[in-house]
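Undergrad: The structure's right below; bear with me while I get my questions together.
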Amino acid sequence: MQTEARVGVVVEGGGLNTTSSVVVEPRRQRQIGTASQLLAGGVAGAVSKTCTAPLARLTILFQVQGMHSDVSNLEKASIWREASRIVREEGLLQVYLGVESQGENISADLCIRLVGGGLAGLTAASVTYPLDLVRTRLAAQTNVIYYRGICHALHTISREEGVLGLYKGLVATLLLKMKSSHALYLDLRPEDSTVLVSLACGSLSGIAASTVAYPLDLVRRRMQLEGAGGRARVYKTGLFGTLRHIVRTEGLRGLYRGILPEYYKVVPSVGIVFMTYEKLKQVLSSIPES
């Protein structure tokens with residue numbers, strides 16, 4: 001888009017004589033480098049996960065319901081009731097249980113992506129996976145505290161379940177990396193969109209991606225909790241065997257247990273990610289090159 005301004009003078013006889021024409025080009029946003037893009041993405045992810053950590057913990061708690069108990073005896077999931085129970089029995093700060101490992105996971109993931117390329121996403125997911133598993137186990141704890149923190153959890157799991165115990169559910173996680181709400185976001189978002197449009201497009205793409213990938217995410221969480229705290233294993237036949245077991249014992253609805261808090265989380269989470277990312281890109285592109 002360009003703006004044309006004409007400068008004229010009135011000549012004798014009443015006519016308007018155009019003496020010059022000036023074309024004003026709008027200032028274009030400077031493209032930022034790969035490192036800056038990764039930095040913006042990492043910061044945006046950290047801000048988003050911190051803001052939505054309470055809803056993330058509620059999602060995990062609902063996902064693992066029915067794993068060690070009779071499904072027919074489960075009460076209907078209530079976000080408000082579960083959140084009130086956490087605050088009443090565990091304290092207000094416990095809604096953020098597991099957020100520390102999220103932060104370390106994001107930092108490590110960002111460092112790997114900065115150093116590597118190509119398959120850096122899958123590599124980062126594999127290397128940082130133990131932190132994601134620890135996060136799930138910390139978040140799933142309710143009345144009985146078996147793991148006292150990140151380091152204690154890593155040490156305990158390695159001692160009781162072996163080093164491979166830190167990688168339970170890794171295959172499901174790598175498959176989840178194939179879902180891309182970012183690609184859908186780019187298709188939905190118009191060129192030169194406003195912050196509000198970016199927020200809306202990011203939220204819609206996040207809901208669509210989460211709906212498709214949610215069963216796999218639920219399977220991943222349950223596999224991560226296999227043998228946690230010395231409890232007996234429930235799923236012993238791998239990814240697809242776990243899917244069949246859940247459908248057989250809980251029905252198809254069991255694959256979407258806890259989807260409601262996930263939706264509540266996705267709208268602000270994805271929206272914050274994309275909005276923060278776009279703003280950081282603008283800030284970084286405005287910094288003059290040295």
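Undergrad: Indicate the gyration tensor shape class of segment 214-278 (rounded, prolate or oblate), computed on the Cα atoms with a ≥ b ≥ c the square roots of the eigenvalues: a/c under 1.5 is rounded; otherwise a/b larger than b/c is prolate and the rest oblate.
TA: prolate
Undergrad: Give me Val163, Val87, Val219 sorted ascending by neighbouring Cβ count inside 10 Å, so fewest comes first. Numbers along the way, then the final one.
TA: On the way: Val163 10, Val87 14, Val219 26.
Listing Val163, Val87, Val219 from fewest to most nearby Cβ atoms yields Val163, Val87, Val219.
Undergrad: Still on this structure, please answer the following. How do Tyr129, Tyr167, Tyr277 line up, fewest other C-beta atoms within 10 Å first?
TA: Tyr167, Tyr129, Tyr277
Undergrad: Over 26 Å between Cα atoms, which of Lys168/Lys281; Lys49/Lys177; Lys177/Lys236; Lys49/Lys236 qualify?
TA: Among Lys168/Lys281; Lys49/Lys177; Lys177/Lys236; Lys49/Lys236, the Cα-Cα distance tops 26 Å for Lys168/Lys281; Lys49/Lys236.
Values quoted throughout were computed directly from the atomic coordinates according to the rules given, and no laboratory measurement underlies them. Bear in mind the structure is a predicted one, so any value in this text is a computation, not a measurement. When we count neighbours, we look across all protein chains shown, and the Cβ atoms used for this are built from the backbone with ideal geometry, even at glycine.
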